[in-house]
Amino acid sequence: MTVLSVRNLQVEFATERGRVRAVDNVSFDVSAGEILGLVGESGCGKTVTGLSILGLIPSPPGQITGGEILFGGRDLTKLSDKDYEQVRGSEISMIFQEPMTALNPVFTVGAQMTEILRLHRGLTRKQARAAAIELLSLTGIPAPEQRIDEYPHQMSGGMRQRVMIAMALSCDPKLLIADEPTTALDVTTQAQVLEQIVGLQQQFDMAVVLITHDLGVVAETCDRAIVMYCGEIVEAAPVEALFARPRHPYTAGLMRSLPRLRDEPVDRLPVIDGMVPDLLELPSGCRFAARCENAAEDCREKRPAIDGNGHAVRCFYPLSAGGAHD
Amino acid sequence: MSAVAADLTSALPPRQTLWSKAIYKFRRDRAGLIGLGIVLLYALAAAGVWLGFWATDWADVSGPKWAPASAEYWFGTNMIGQDIFSRSLYSTRTAFEVGLVVAVLSTLIGAVFGAISGFFSGSFIDELVVWLMGVLDSIPFYLLVAAIAFSLGDNPYAMHIAMISTFWIGTSRLVRGEVIKLKEFEFVEAARSIGVGQLTIIFRHILPNTLHILLVQSTITFVAAIKSEVILSFLGIGVQDGMSWGLMISESTLEVLAGFFNNFIAASVLMFGLVMAFNMFSDALQDALDPRSTVGGDS
Amino acid sequence: MTKPLLSVAGLKKYFPVRGGLFRTVQAEVKAVDDVSFELEAGQTLGLVGESGCGKSTLGRSLLRLQEPGGGRVLFKGQDVLAMDKQALLQQRRHMQMIFQDPFASLSPRRTVGQTLREPLEVHGIGTEQERDRKITDLLQTVGLRPAVLDRYPHEFSGGQRQRIGIARALALDPQLIVADEPVSALDVSVQSQVLNLIKDLQRERGIAFVFISHDLAVIQHVSDVVAVMYLGRIVEMASAKQLYGDPKHPYTQALLSAIPVPDPGNKSQRIVLPGEVPSPLNPPPGCPFHPRCSQATDACRTKAPELSNAGSAEAPHQVSCHLFPPPSS
């Protein structure tokens, strides 16, 4: 059952050098109970996509200029601010990368959690507090009855992230958007928090859109993944297929160039030459052509469309089953 | 040499000066542009006076007493027959002179003290500067000015000195806060790791990064100086020779009792105009220079 | 046996925590607690650990960007910690640093040219022309065109800025570079470029590196010797091959297994550590790792272990753990 359907989404920003299309014609679906990974490097548009779903694009410079976001039978792009407030936090929740700035430092954790519970679920103060304590323990926070009265700065990064997760889950949302939730955490804490997210997702039967740049995280937690480059989707597939047989040269290049634990260390890491192009000066053909080993003439002249169903790729010459890792 | 990745072949993006973002934002702020325009108009007037192009006759007793506004005397004449328009124009020069001198010097002094106390925050020097700021701040401004004016006697710059000695504090506090933040940045550590001396680090690396604060503060100080000058001149301890809006208003107290308002209105309106325009410009400048606000998307 | 380039003994850096009415010292954060190691010329030591383990403080203490509270840092036999201002300035030519944040490590209001020229100016190296030539060479080494000299840092991407930082570190021809998380803030596709650059520098210029990172995969790629830190102490140190092939300390094992592997077919046996890294203000008694260790014994709760060699004399493998007691003499 499809929970979220993004169709031909376009988001533009006004900058001093011109208009930038941060998200260009992006379409994907998320099913109930599925963890979808949105993966790419900085500037690829993954965070902007996540923010658009919740209508959180800062409005003077940014704007949704096209497409639809279908959720619960409505197109979210057409919602008024007031209606959107009903959706945010209760039907769709979001957790962010930097828990210190996402939590208000002058309110206790309990105050922030009960606010949401009373707002969206109409609980009394006592009920909200009890519910909050239960949510905190659900996310693995020890001694939640004490923690609930603490301030964010009294907690560690991992714990703050768990509080954010608890807050995001408090209204039983159908969809959770997690924007780089573990990037700022230590590796051992990251492992804990990811385990938590996957466990809670199953328990609450939520759909999750996990935005990250870390392919390892995608491999370990996601069911399906979408790779973005320069505002476009370049590849979309179930995770096993994506890693076993990446079809887009960018995906394959990214996987090869990752430093990873090996039995025999290599001398030089394979590299994707060049740099991500400036979004204001995009080439006329395929956006990856300048860095692609297999680029041909037509790659530089025409833009490929996304093609394929189970394993979609945007490339005139997608890689065949060659395998990604050494 | 080793074959390093192809940054050598990729083109660099077009030049982006340090100010391009700020200029872009400023140009879209209508109030700021209007403010700037008006300020420039005043500045032009002041420059003309200074260069001797006009208003040289501000002290001439040429006309009838209390003449109403006419073609010959645009704003009319005052109690002893001087052209109010000329006097108002001349006062523009005074305003700018006081404003510029006080703004520039107090910003410089504030920057230096702020940078040094911020960089050495927590140490004795910092405590000393902070103490000094506190002491000067707690003396009521007009008492301090009166004291300085009195002790300096006929020095034409007594008023300027008095203003500078208190206005530097605002800038200094802001710069100190910014420097405390900036000195933790890695580029400061990098400079130390190369062996750059501390004073060089403060003035070459850190202070230039407070430019946005200094620019905005100097405009605020400019306005404060003009306003203070008006009050001081009104009280008789401001401008001693020459003419200023404050002196005009002071003169006009008697005139107003007699029912003649031109003098008062001319000085007040002109002063209001400049202060208002400068404030609008200053606000727009602050928004434009704010390093935090981003104009553009990211991942 | 040749003398090592760098020999660190008993290095300590404690931060006092002041509080109360009279701001008395109430506690100490033992950021670096009695660290010793040696580094040969041209060798790379990988320093790995999570936040709060003290690796960054250790790196900065070596260069006296933080003043250590005790211990010795011998560079070619001379104690860097005992040097006076003049000698330290000279010493700076031999030891340089690459920083983590490409957006904060370059002064925003100085051009690339000014930034690169500064080390040469401070130390009075070369004439104007010689300096210009040197800077152009440096840029070429890191793969940037001379046209960048007039530009400001904000005009460049993170990867390019990091290269500028590396060029700056190379300007004085140092023999030792401390690299503090040099690729952690970079995009994945750029990380490999910069890592390759660092490896080339290791090989072609014979520069010794102290490479600090939290990423064990990156460390494996660049290091000869690896030291794992936890709460200010080294808990395991061995050649890269030995450490990755046969990790002995339970923390090292957990760290290695916690890394998400980009291979969905390989759902390894994850060791998920309970609890969090304790605050360095209040370290647990005995072995600092014992609250999270599945193999903790009573001895672990009371007595702190010392680093001892669990390997051989030719292939030393230092571990600080009661599971590997020092051979009783």
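Considering only C-alpha atoms, what is the centroid distance from the range A:49-86 to the range C:20-74, in Å?
With the range A:49-86 and the range C:20-74 each reduced to a Cα centre, they are spaced 49 Å.
Could you state the angle between the C-alpha long axis of helix C:188-205 and the longest principal axis of the C-alpha atoms of chain C, as a value from 0 to 90 degrees rounded to the nearest 10?
80 degrees
Take every DSSP beta bridge whose two residues both sit in chain A, then give the antiparallel share in percent to the nearest 5.
60 percent
What's the average, rounded to a whole number, of partner chain beta-carbon atoms within 10 Å of each residue's beta-carbon in A:263-272? Could the numbers behind the result be given before it?
On the way: counts 2, 1, 8, 1, 4, 8, 9, 2, 11, 7.
Mean partner shielding for this stretch: 5.
Other chains' Cβ within 10 Å of A:189-198 residues: what's the mean? Walk me through the numbers before you get to the answer.
On the way: counts 7, 4, 10, 6, 0, 4, 2, 0, 0, 0.
Partner-chain Cβ atoms within 10 Å, mean over residues of A:189-198: 3.
Quick one: Debye curve from the alpha-carbon atoms of the range A:177-275 only, equal weights, vacuum; give me log10 I(q)/I(0) at q = 0.20 Å⁻¹ to two decimals.
After summing over all Cα pairs, the log10 values are -1.17.
Would you list the P(r) distribution for chain B, with all Cα-Cα distances sorted into 10 Å bins from 0 and each bin expressed as a whole %?
6, 21, 26, 22, 13, 7, 3, 1, 0, 0
Hey, got the average number of other protein chain Cβ atoms within 10 angstrom for residues in C:138-151?
On the way: counts 0, 2, 3, 3, 4, 9, 4, 6, 0, 2, 2, 0, 1, 5.
Mean shielding count: 3.
As a footprinting exposure proxy, order B:Glu229, C:Glu314, B:Glu189 by other Cβ within 10 Å, with the fewest listed first.
Details: B:Glu229 27, C:Glu314 5, B:Glu189 21.
Taking fewest neighbouring Cβ atoms as first place, the list is C:Glu314, B:Glu189, B:Glu229.
Take B:Ser138, B:Ser228 and order them by how many other Cβ atoms sit within 10 Å, fewest up front.
Working: B:Ser138 7, B:Ser228 22.
Taking fewest neighbouring Cβ atoms as first place, the list is B:Ser138, B:Ser228.
Relative contact order for chain B: what is it in percent, counting Cα pairs under 8 Å that are at least 6 residues apart?
Details: 377 pairs, mean separation 74.8, N = 299.
Relative contact order here is 25 percent.
Karplus couplings for the range A:5-13 from phi (6.51 cos²θ - 1.76 cosθ + 1.60, θ = phi - 60°), rounded to Hz, Gly and Pro as x?
10, 9, 10, 6, 5, 10, 10, 10, 10
How do C:Arg60, B:Arg28, C:Arg18 rank when sorted from fewest to most other Cβ atoms within 10 Å of their own Cβ?
Details: C:Arg60 23, B:Arg28 15, C:Arg18 11.
Fewest-to-most ranking of C:Arg60, B:Arg28, C:Arg18: C:Arg18, B:Arg28, C:Arg60.
Among all the aspartates and glutamates, which ones have a C-alpha under 14 Å from B:Lys21's C-alpha, if same-chain residues fewer than 8 places away are not counted?
A:Glu16, B:Asp29, B:Asp287, B:Asp290, C:Glu155
For chain A, what does the alpha-carbon gyration tensor say about shape, rounded, prolate or oblate, given a ≥ b ≥ c as the root eigenvalues, a/c under 1.5 as rounded, and a/b over b/c as prolate?
Details: a/c = 2.08, a/b = 1.55, b/c = 1.35.
The shape class here is prolate.
Relative contact order of chain C: what whole-number percent is it, with Cα pairs under 8 angstrom and at least 6 residues apart? Provide the component values of the computation, followed by the final result.
Details: 601 pairs, mean separation 65.0, N = 329.
Taking the mean separation of contacting Cα pairs over the length of chain C, I get 20 percent.
Can you list the residues, at least 5 places off or on another chain, whose amide H is less than 5 Å from the amide H of A:Leu4, using H built in the peptide plane?
A:Val30
Looking at the protein assembly as shown, I'd like the Rg to Rh ratio, where Rg is from alpha-carbon atoms and Rh is Kirkwood's inverse mean 1/r. Don't skip to the answer; put the middle values down first.
Working: Rg = 33.0 Å, Rh = 32.1 Å.
That ratio is 1.03, to two decimals.
Could you work out the relative contact order of the range C:186-329, using alpha carbon pairs under 8 angstrom and six or more residues apart, expressed as a whole percent?
Values: 158 pairs, mean separation 27.4, N = 144.
Over the range C:186-329, the number comes to 19 percent.
Under 1.5 on a/c is rounded, so check that first for the range A:121-219, then, if it is not, pick prolate when a/b is larger than b/c and oblate when it is not; a ≥ b ≥ c are the square roots of the alpha carbon gyration tensor eigenvalues. Please report the intermediate quantities before stating the final value.
Working: a/c = 2.28, a/b = 1.37, b/c = 1.66.
Judged from the Cα gyration tensor, the range A:121-219 comes out oblate (a/c at least 1.5, b/c at or above a/b).
How large is log10 of I(q)/I(0) for the range B:133-275 at q = 0.09, 0.17, 0.22 Å⁻¹ when the intensity is taken from the Debye formula with one equal scatterer per alpha-carbon?
-0.43, -0.97, -1.25
Using alpha carbons only, how many angstrom separate the centre of the range A:300-320 from the centre of the range B:231-275?
Cα centres, the range A:300-320 to the range B:231-275: 77 Å.
Given a cut-off of 30 Å, name the pairs among C:Lys12/C:Lys241; C:Lys3/C:Lys241; C:Lys55/C:Lys241; A:Lys46/B:Lys183; C:Lys199/C:Lys303; A:Lys82/A:Lys174 whose C-alpha atoms lie farther apart than that in the structure shown. Don't skip to the end; give the middle numbers.
Working: C:Lys12/C:Lys241 28 Å; C:Lys3/C:Lys241 23 Å; C:Lys55/C:Lys241 21 Å; A:Lys46/B:Lys183 34 Å; C:Lys199/C:Lys303 41 Å; A:Lys82/A:Lys174 19 Å.
A:Lys46/B:Lys183; C:Lys199/C:Lys303, as the Cα separations exceed 30 Å there.
Can you give me the angle between helix C:128-142 and the longest principal axis of chain C, using Cα atoms only, in degrees from 0 to 90, rounded to the nearest 10?
Here the helix axis deviates by roughly 50 degrees.
Have a look at the range A:102-170 and give its Rg and Dmax from the Cα atoms, expressed in angstrom.
10.6, 30
Roughly what % antiparallel, to the nearest 5, for the DSSP beta bridges in the protein assembly as shown?
Details: 61 of 98 bridges.
In the protein assembly as shown, DSSP labels about 60 percent of beta bridges as antiparallel.
Specify the residue with the greatest mean-square fluctuation among C:Leu231, C:Leu170, C:Leu149, computed from a Gaussian network of chain C linking alpha-carbon atoms under 10 Å apart.
Judging by the Gaussian network model, the answer is C:Leu149.
Using all alpha carbons of chain C, what is the percent of pairwise distances in each 10 Å bin, ordered from the shortest bin to the longest?
The percentages, shortest bin first, are 5, 24, 32, 24, 12, 3, 0.
For the range C:108-161 and the range B:86-133, compute the distance between their C-alpha centroids and round to whole Å.
The distance from the Cα centre of the range C:108-161 to that of the range B:86-133 comes to 35 Å.
A short reminder: the numbers here are calculations on the coordinates, not readings from a lab. Note that this is a predicted model, so its numbers are computed, not measured. Methodologically, a virtual Cβ is constructed for each residue, glycine included, from the backbone with ideal geometry; neighbour enumeration extends over all protein chains shown.
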